[in-house]
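What follows is calculated from the coordinates using simple rules that are stated; it is not laboratory data. Bear in mind that the values here come from a model prediction, so they are computed numbers and not experimental data. So basically every Cβ, Gly included, is an ideal-geometry build from the backbone, and we count neighbours across all protein chains shown.
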Amino acid sequence: MDKIIVSLLGSTLIGIIYWFFFAKKDESVMATDNLTVLVDGGYTPNTISFVNSRPVTITFLRKDPNPCLEDIYFPDYKIKKYLPLNTPVRITLSPPHQTKSGFHCSMNMYNGTLTIL
């Protein structure tokens, strides 16, 4: 009986851990010309879609004092910007855009995705 209880509790705990770390859904948004991304424990929204033929301006507002989030990198656009606390920073991405690219913090712990329609 003890083995059954331990097995059930272990399976439940594994399921909770899997859900917490891997089953989180990305928040996605469609950008027209301007979009604001909140930097607070990650990027919100972290998936951005936009039209290929138009430039898009993304404003980053950093609220998290974590030093990892001080810089943001767009490797495919060769852009690196410093994000001071509570100060909006605008980044304009000009076409042509790749079908899918990304952005991340200085240590690549927090990241986001750009999807082109």
Expressed as a rounded percentage, what relative contact order does the chain have, with Cα pairs under 8 Å and six or more residues apart? 24 percent
Of the peptides 90-102, 47-59, how do they stack up when ordered by the mean number of other Cβ atoms within 10 Å, highest first? 47-59, 90-102
Under the Karplus relation 6.51 cos²θ - 1.76 cosθ + 1.60, θ = phi - 60°, what is the ordered set of whole-Hz ³J(HN,Hα) values for region 82-90, x standing for Gly and Pro? 8, 10, x, 4, 6, 10, x, 10, 9
What's the local net charge at Asn86, with K and R +1, D and E -1, over the other residues with C-beta under 10 Å away? +2
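How big, on average over all directions, is the shadow cast by the Cα convex hull of region 71-116, in nm²? Display every interim value, and only then the final one.
Working: hull surface 13.6 nm².
If you wrap the Cα atoms of region 71-116 in a convex hull and average its projections, you get 3.4 nm².
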Please work out, to two decimal places, the log10 of the ratio I(q)/I(0) at q = 0.14, 0.21, 0.23 Å⁻¹ from a Debye calculation in which every Cα of the chain carries one identical scatterer. -0.61, -1.14, -1.32
Set the Förster distance to 22 Å, then compute FRET efficiency between Thr99 and Asn34 from the Cβ-Cβ distance, nearest 0.05. 0.50
For a quick check: with amide H placed at 1.01 Å from N, whose amide H comes under 5 Å from Val37's, ignoring anything fewer than 5 positions away on the same chain? Thr59, Phe60, Leu61
Going residue by residue through region 37-46, the Karplus relation 6.51 cos²θ - 1.76 cosθ + 1.60 with θ = phi - 60° gives ³J(HN,Hα) values, rounded to whole Hz and with x marking Gly or Pro, of 10, 8, 9, 8, x, x, 10, 10, x, 9
R0 of 41 Å, Cβ-Cβ distance Tyr82-Thr12: FRET efficiency to nearest 0.05: 0.40
Spelling out what I want: for every residue of region 107-117, take phi, set θ = phi - 60°, compute 6.51 cos²θ - 1.76 cosθ + 1.60 (Karplus), and round to whole Hz; glycine and proline get x. 9, 6, 7, 10, 8, x, 10, 10, 10, 9, 9
Report the local net charge at Pro55: Lys and Arg +1, Asp and Glu -1, summed over other residues whose C-beta lies under 12 Å from its C-beta. +1
Which residue, chosen from Ser11, Asn108, Asn66, occupies the Cα position most advanced towards the positive end of the dipole of the chain, where the dipole is computed from +1 (Lys, Arg) and -1 (Asp, Glu) charges on Cβ about the Cα centre? Asn108
With just the Cα atoms defining each centre, how far is region 29-49 from region 82-117? Give it in Å. 9 Å
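Per residue of the chain, what 222 nm ellipticity follows from adding -39500 (n - 2.57) for every DSSP H run with n ≥ 4, rounded to the nearest 500?
Values: 1 runs with 21 residues, N = 117.
So the calculated ellipticity at 222 nm is -6000 deg cm²/dmol.
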Paramagnetic reach from Asp71 (point 7 Å along Cα→Cβ, amide N under 20 Å) across region 95-109: 102-109
